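In what follows, a structure is listed as structure tokens, so that the remarks can point back to it.
The values are calculated or read from the model by the stated rules, or taken from the named source; none is laboratory data. Remember, it's a predicted structure, so these values are computed and weren't measured experimentally. Cβ atoms come from the backbone with ideal geometry, glycine included; neighbour counts cover every protein chain shown. Quick note on the areas: whole protein, heavy atoms, side chains included, nothing else; ligands and nucleic acids left out. Shrake-Rupley method; radii C 1.70, N 1.55, O 1.52, S 1.80 Å.
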Amino acid sequence: MTAAWQTVLLVGLGAILFKAAGPVALGGRQLPARLSGLVGALAPALLAALIVTQVFGGDSELVLDARAAGLGAAAVLIAVRAPILAVVIGAAAVTALARAM
């Protein structure tokens, strides 16, 4: 087995152990309400951080390109409560148009 596969297996095992740690530590008890609210806010915050780093992140500087235009279009479409399919298609179209220019 190569070192790469050993690393993959080790990381996979670590992920499984990390996911199992929560239920094992809680032992069937409910999370406190304050902590439950924090856990609920983590997913949208993490998603927003991933989107921002993928859209604006460069090697060492801020990048403004067609992806930013697509993200702006998606934000506008979400603000006017467009269906999610329209948001995705609209953002893709604006990004493609910006890249074509």
Check: Name the pairs whose Cβ atoms lie under 7 Å apart, with the first residue in the range 39-57 and within 19 Å of GLY22 (Cα to Cα) and of a type outside the set (S, T, N, Q), the second surrounded by 10 or more Cβ atoms within 10 Å (Cβ to Cβ) and at pLDDT below 90, and 6 or more positions between them or separate chains?
Finding: VAL39/LEU31
Next item on the list: Being surrounded by 11 or more Cβ atoms within 10 Å (Cβ to Cβ) and basic (Lys, Arg) is the filter here, so list the residues in the range 59-101 that pass it.
Entry: ARG67, ARG99
Margin query: Between a residue in the range 59-80 that is farther than 19 Å from ARG99 by Cβ and any residue that is surrounded by 15 or more Cβ atoms within 10 Å (Cβ to Cβ), which pairs come within a Cβ distance under 7 Å, given they are 6 or more apart or on different chains?
Written below: ILE78/VAL87
Checklist line | helices (runs of 4 or more DSSP H) wholly inside the chain that include at least 1 residues being touching a helix residue (DSSP H, G or I) at 6+ places or on another chain (Cβ under 8 Å) and among the hydroxyl-bearing types (Ser, Thr, Tyr) | finding: 84-100
Note to self: Would you confirm, using the coordinates I've provided, whether GLN6 is in contact (Cβ under 8 Å) with a residue 12 or more places away in the chain, open to solvent by 90 Å² or more (accessible area, probe 1.4 Å), out of contact with any Cys (no Cβ under 9 Å at 6 or more places or on another chain) and of a type in the set (S, T, N, Q)?
What the structure shows: no
